[in-house]
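Working notes, beginning with the structure itself.
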Number of protein chains: 4
Amino acid sequence: MSPIRVTVWNEGVHETRDASVQKLYPEGIHGAVAAGIKENLGDDVEVRTATLADPEHGLTQEVIDSTDVLTWWGHAAHGEVSDEVVERVHKAVLGGMGLIVMHSAHFSKIFIKLMGTTCTLDWRSEHDRELIWTVAPGHPIAQGIPHPLIIPEDEMYGELFDVPQPDELIFISSFSGGEVFRSGATWRRGRGRVFYFRPGDQEYPTYHQKEIRQVLANGVRWAAPTDAERVLPTVSRRPTGWYETGEQLSSTDPRLAQS
Amino acid sequence: MSPIRVTVWNEGVHETRDASVQKLYPEGIHGAVAAGIKENLGDDVEVRTATLADPEHGLTQEVIDSTDVLTWWGHAAHGEVSDEVVERVHKAVLGGMGLIVMHSAHFSKIFIKLMGTTCTLDWRSEHDRELIWTVAPGHPIAQGIPHPLIIPEDEMYGELFDVPQPDELIFISSFSGGEVFRSGATWRRGRGRVFYFRPGDQEYPTYHQKEIRQVLANGVRWAAPTDAERVLPTVSRRPTGWYETGEQLSSTDPRLAQS
Amino acid sequence: MSPIRVTVWNEGVHETRDASVQKLYPEGIHGAVAAGIKENLGDDVEVRTATLADPEHGLTQEVIDSTDVLTWWGHAAHGEVSDEVVERVHKAVLGGMGLIVMHSAHFSKIFIKLMGTTCTLDWRSEHDRELIWTVAPGHPIAQGIPHPLIIPEDEMYGELFDVPQPDELIFISSFSGGEVFRSGATWRRGRGRVFYFRPGDQEYPTYHQKEIRQVLANGVRWAAPTDAERVLPTVSRRPTGWYETGEQLSSTDPRLAQS
Amino acid sequence: MSPIRVTVWNEGVHETRDASVQKLYPEGIHGAVAAGIKENLGDDVEVRTATLADPEHGLTQEVIDSTDVLTWWGHAAHGEVSDEVVERVHKAVLGGMGLIVMHSAHFSKIFIKLMGTTCTLDWRSEHDRELIWTVAPGHPIAQGIPHPLIIPEDEMYGELFDVPQPDELIFISSFSGGEVFRSGATWRRGRGRVFYFRPGDQEYPTYHQKEIRQVLANGVRWAAPTDAERVLPTVSRRPTGWYETGEQLSSTDPRLAQS
């Protein structure tokens, strides 16, 4: 089996302006996330990174076309992501690319576009302890994860998390302050799989924690497309009996895309 | 519209042997639950009660046939509920009767039979404070419920709650000790609607709390059947074109039940 | 209980240019839909209509603010619906307004925005017979609907219907040509409920059929909001213990909206 | 990665008494199913078979303990399967074993026990053509499957299929006679994954068809457990702060099973 081609995207703004973040993430948040995926999946993945400041944010059509799973982190500059790139990523997800959305990327353009809701939530950055409980044991994303997974200090996110009811709810968090959050959840959109994972803030060393890295790696494996071809569903007029010609179309046949 | 006919069932064992429970629930847990439903729904409901000690546990075929929504509380004597009565209730739910399953009734025969899983969970009775958070605002069962709903002291139930993924997850609880629980959840089974609601223990005054009673009443209203007839699905042989006779069968036509 | 305030929206383009449509729908498709809802729900509803050609498409902020359930029909002019109106409707749905999306409105801006997918499908307009089968008996939207519901002639819509997996799948259609379609499905978005119902084309008398009108009326009743206030979820910073002040906020408290 | 250990179970009654079935399935239905899985998955699987007539139906504790995925076919003798074996299989599924339920096994004891409903349906054995449409493209079970998959002749199964709403609906069938059926669907139960696949009758050569065999093989791969250990959830009393000892329990730790 060929390696899963992962592109780790990071806004990369805090790293260039906040000393505290530079100290926590000297290689950038993308560096930590990429290392975490690589450390868990080894030769089963090829990992590269891209950031907002790169031309086309590092997400050219060519990069997207050769990406099986894209991970997304953003916080301070959602509005600076170009609509053209968002449209490109959206089409790729519907066509089969996996997408891992992390933490404050709940407010990214791409996540809001895929969810269709406000994606709002409650928050507080006061060093709450977070406990992450597995409610879907046996799910590949929960494989090998402690119950609970303990994050000593992290930003708090609380319900209501305004997203569509997940196809699968995998993790629920509680925080020292008593709030709860649906921390790990999946949705299918088109042929693509989306996994949202809550933990991680630029002011906390969350992405250096072993178990968090393992969840992200599990997510990458789960979200990888099963089909080699990327197919965007399109409207098609079908004459009566079109499927009776003896030549059945594979579900990934590009001819299905003619409208 | 005719009133919703509610039967509040209670095991009633603790009330006859534990002084602490008699003090908290002088009219029995069933008395408190019935009062809570009546106080919220008034003339929109007719409420009666039944307990384990009654002949056929108070759930004769006649009682079940004239029940729109059944609420179930049990803890110490799940094994004493006769299989015949469980079978009767099961058929009624599949045929359209609503069922509200409360607290320790997660281990009742009828809930396990409807879920198909162990229905296990973690627990601790050490006066944790419980916070109940709404994750499905706009759902009829959440109508008018504070966010969070605070229960000053209650038994703790923690994940993993081994049930099928709910059709709709409405409430998530956190406890002082940090555990979380899917506290309000719904499942459709056959034509019937099932609502599980976590709070409430014989050693705590939970069923006297106003907001808890409102959730139960909301649940009753939501679980009430939409069809007047109760129809148990049955296997049927269908000749080609059976529906083309000009006489379409209503989805509740008893003739559909002939196999 | 106050009547449900329904606004029936129709693009209204075919009616002004196609003689065949004028003949089938002399009062417009909106006229037929409005009559169908009224004939089933009587005094439980107040129904008004609006079309694309009206100022602000008849969907001013005032109209939307006083609408409990909006029904939407469009086909030839999706692109002419202003983004401002789409935004207004989107916010209203997330805040609690019900939305019924009909037939070719699968390609409306508002439906695509709420779903996050392409909403494509296969189609053919060659007078297929459609059979609509109920797969969620006991659901309020299926109440009283024959199994199957037969539409003598209609446009064919076939899978793949590129939408998120429904929260509840209620109807599946088959067509003379052998195709199938998820014809009745619901999704929650924010506090609002969305019901998509497939049948109905401007070239067929579908909206005059009694059972189709009953499904639409059932949908209106199901989609009506349970809360009086419309609340758009917004991001909020929460200090530790904010809920312990003794004053719990109702889930519809507008103060929750301060970010 | 170790091969997936598959046990193909077949009632095997028709094969011993019906000449027509012997002719279609000289190696038994289990022989055809096993060959189909092997032909698709090769060295990634180890396949053995078992039938009703074997001691303990060939499903001893030892066999079950060394089975990753069990496939189940039955029709004429559901009642002869011992409750003890059903209990054993049920526990194994909740503990993580995959289960593929085929065709008339919708009425098997194990499927009914896992679903909690009647599992009834409509049927007709009159050589309908079946068209199987994919509604979850991108799902591993649909990988490489034509759209539609055409079965020239098969028994008809029609809705209502009285099962809980699937976690994931993958295939919908239509039949010459116009009926529809949710033909491919999945449910999680405990840590195990269940896949129901409709096609196949003892009087039709369905299990020799290439695409049908591929779906079954896809199902096996999807249902294989991710955890090495099988863990049956059990009720546990948890003292306050039990997870703070510095020693977190893995979600598959057998100590979690002590109640």
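Every number here is computed from the coordinates shown, using simple stated rules; none is lab data. Quantities reported herein were computed from a predicted structural model and do not represent experimental measurements. Quick reminder, even Gly has a Cβ in these numbers, built from the backbone with ideal geometry, and neighbours come from all protein chains shown.
Data table
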read-out: Sites matching GluC sites (Glu not before Pro) across the range A:1-39 that sit in DSSP coil, with at most 16 neighbouring C-beta atoms within 10 Å; value: A:GLU27
read-out: Zero-based 10 Å bins, Cα pair distances in the range B:7-114, whole percents; value: 15, 50, 31, 5
read-out: Per DSSP, loop GluC sites (Glu not before Pro) in the range A:202-249 with at most 16 further Cβ within 10 Å; value: A:GLU203, A:GLU229, A:GLU247
read-out: Whole-Hz ³J(HN,Hα) from phi, Karplus 6.51 cos²θ - 1.76 cosθ + 1.60, for the range C:102-117, glycine and proline x; value: 10, 6, 5, 6, 4, 9, 5, 4, 5, 5, 4, 5, 6, 8, x, 10
read-out: Share, in percent, of DSSP beta bridges within chain B that are antiparallel, nearest 5; value: 55
read-out: GNM top mover of A:ASP227, A:ASP128, A:ASP201 - chain A, alpha-carbon springs below 10 Å; value: A:ASP227
read-out: Net +/- balance of residues flanking C:PRO239 in space, Cβ distance below 9 Å, scoring K and R +1, D and E -1; value: +2
read-out: Neighbour net charge for C:GLN165 - beta-carbon separation under 15 angstrom, K R +1, D E -1; value: -1
read-out: Shortest-first distances to equivalent copies, position C:GLU84, nm, label 7 Å out along Cβ; value: 2.8, 7.2, 7.8
read-out: Column: log10 I(q)/I(0), Debye, Cα scatterers of the protein assembly as shown, q = 0.07, 0.09 Å⁻¹; value: -0.59, -1.04
read-out: DSSP H segments from chain B that extend 27 Å or more along their own axis, Cα-based, with Kyte-Doolittle mean of -1.0 or above; value: none
read-out: Of B:LYS23/B:LYS210; B:LYS91/B:LYS210; C:LYS23/C:LYS210; A:LYS23/A:LYS210; A:LYS109/A:LYS210; A:LYS109/C:LYS109, pairs whose Cα-Cα distance is over 25 Å; value: B:LYS91/B:LYS210; A:LYS109/A:LYS210
read-out: Amide proton proximity set for A:VAL8, modelled H, under 5 Å, gap of 5+; value: A:ARG48, A:THR49, A:ALA50, A:THR71
read-out: Total formal charge among the other residues, if their Cβ is under 14 angstrom from that of B:HIS30, Lys/Arg +1 and Asp/Glu -1; value: -1
read-out: Euclidean distance of C-alpha centroids, the range C:1-46 and the range D:86-102, integer Å; value: 52
read-out: Convex hull of the range A:71-113 built on C-alpha atoms - directionally averaged projected area, nm²; value: 2.7
read-out: Inter-copy separations for A:SER125, label at 7 Å along Cα-Cβ, nm, ascending; value: 4.5, 5.5, 6.8
read-out: Residue with peak Gaussian network fluctuation, chain D [Cα springs, cutoff 10 Å], from D:THR240, D:THR206, D:THR49; value: D:THR240
read-out: Per-residue Cβ neighbour rank within 10 angstrom, fewest leading, A:TRP9, D:TRP242; value: D:TRP242, A:TRP9
read-out: Under the Karplus curve 6.51 cos²θ - 1.76 cosθ + 1.60, θ = phi - 60°, whole-Hz ³J(HN,Hα) for the range A:53-70, x wherever Gly or Pro sits; value: 6, 5, x, 6, 6, x, 10, 5, 4, 5, 5, 4, 4, 10, 10, 8, 9, 10
read-out: The range A:56-199: radius of gyration over Cα atoms, expressed as a fraction of 2.2 N^0.38 Å; value: 1.06
read-out: For C:GLU56, label point 7 Å along C-beta direction: distances to other copies, nm; value: 4.1, 6.1, 7.3
read-out: Rg/Rg_globular for the range D:135-256, with Rg_globular taken as 2.2 N^0.38 Å and Rg from C-alpha atoms; value: 1.45
read-out: Gaussian network model of chain D, springs between alpha carbon atoms under 10 Å - residue of D:GLY184, D:GLY31, D:GLY96 with greatest fluctuation; value: D:GLY31
read-out: Cα-based Rg / Dmax (Å) for chain C; value: 18.9, 66
read-out: DSSP bridge pairs, the protein assembly as shown: antiparallel proportion in percent, nearest 5; value: 55
read-out: For the protein assembly as shown, size of Cβ-based charge dipole, Lys and Arg +1, Asp and Glu -1, in debye; value: 0
